[in-house]
1. With a 10 Å radius around each residue's Cβ, average the other Cβ atoms per peptide and rank 9-20, 26-37, highest first.
2. Quick one: accessible area per residue over the chain, 1.4 Å probe, rounded to a whole number of Å²?
3. Let me know the charge dipole size of the chain about its Cα centre in debye, to the nearest 20, where only the beta-carbon of Lys, Arg (+1) and Asp, Glu (-1) is charged.
4. Rounded to a whole number, what % of the accessible area of segment 1-94 do carbon and sulfur atoms account for, probe 1.4 Å?
5. What Rg and what Dmax come out for segment 16-58 when only alpha-carbon atoms are used, in angstroms?
6. Roughly what % of Cα-Cα distances in segment 43-121 sit above 14 Å, to the whole percent?
7. To make sure I understand the rule: partners must be lysines, Cα under 18 Å from the Cα of LYS75, and not fewer than 8 residues away in the same chain. Which ones qualify?
8. If you place +1 on the Cβ of every Lys and Arg and -1 on the Cβ of every Asp and Glu, how big does the dipole about the Cα centre of segment 61-121 come out, in debye to the nearest 20?
Amino acid sequence: QVQLVESGGGLVQPGGSLRLSCAASKIIFSLYAMAWYRQAPGKQRELVAAITSGGSTSYEDTVKGRFTISRDNAKNTVYLQMDTLKPEDTAVYYCNAHYWMAALGTGYDYWGLGTQVTVSS
């Protein structure tokens, strides 16, 4: 079965950095758009950053200039480099793999179990 396994979360001080990784298995990784979402306590899950199969990236406004999403198709892995972290970045971060077949009007969506990121002094 398809698996997305996140790693790299933890406790970091404000201004610090973390690098999240998400390793995918049982999908043709290069065909999928990949994304990172986060969910803070009491809040809805929100899109943080995304990267298309072709490598185009997009970011939520509050993380622009601080976070960088990248992918390594040879390793079936997507990364999220998070710099200048703030307490408001504290959340569970989830990896998402999305494949849309426009001609059929359907697609596939897979999620990881999440990794906790806590930014606190």
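1. 26-37, 9-20
2. 55
3. Computed charge dipole of the chain: roughly 140 debye.
4. Ligands and nucleic acids excluded, carbon and sulfur reach 49 percent.
5. 12.5, 34
6. 69
7. Of all the lysines, those that pass the test against LYS75 - Cα under 18 Å, at least 8 places apart if same chain - are LYS26.
8. With Lys and Arg at +1 and Asp and Glu at -1, about 120 debye.
The values are calculated or read from the model by the stated rules, or taken from the named source; none is laboratory data. None of these values were measured; they are calculated from a predicted model. In this analysis, Cβ positions are derived from the backbone assuming ideal geometry, glycine residues included, and neighbour counts consider all displayed protein chains. Only protein heavy atoms, including side chains, enter the accessible area calculation; ligands, DNA and RNA are left aside. Shrake-Rupley method; radii C 1.70, N 1.55, O 1.52, S 1.80 Å.
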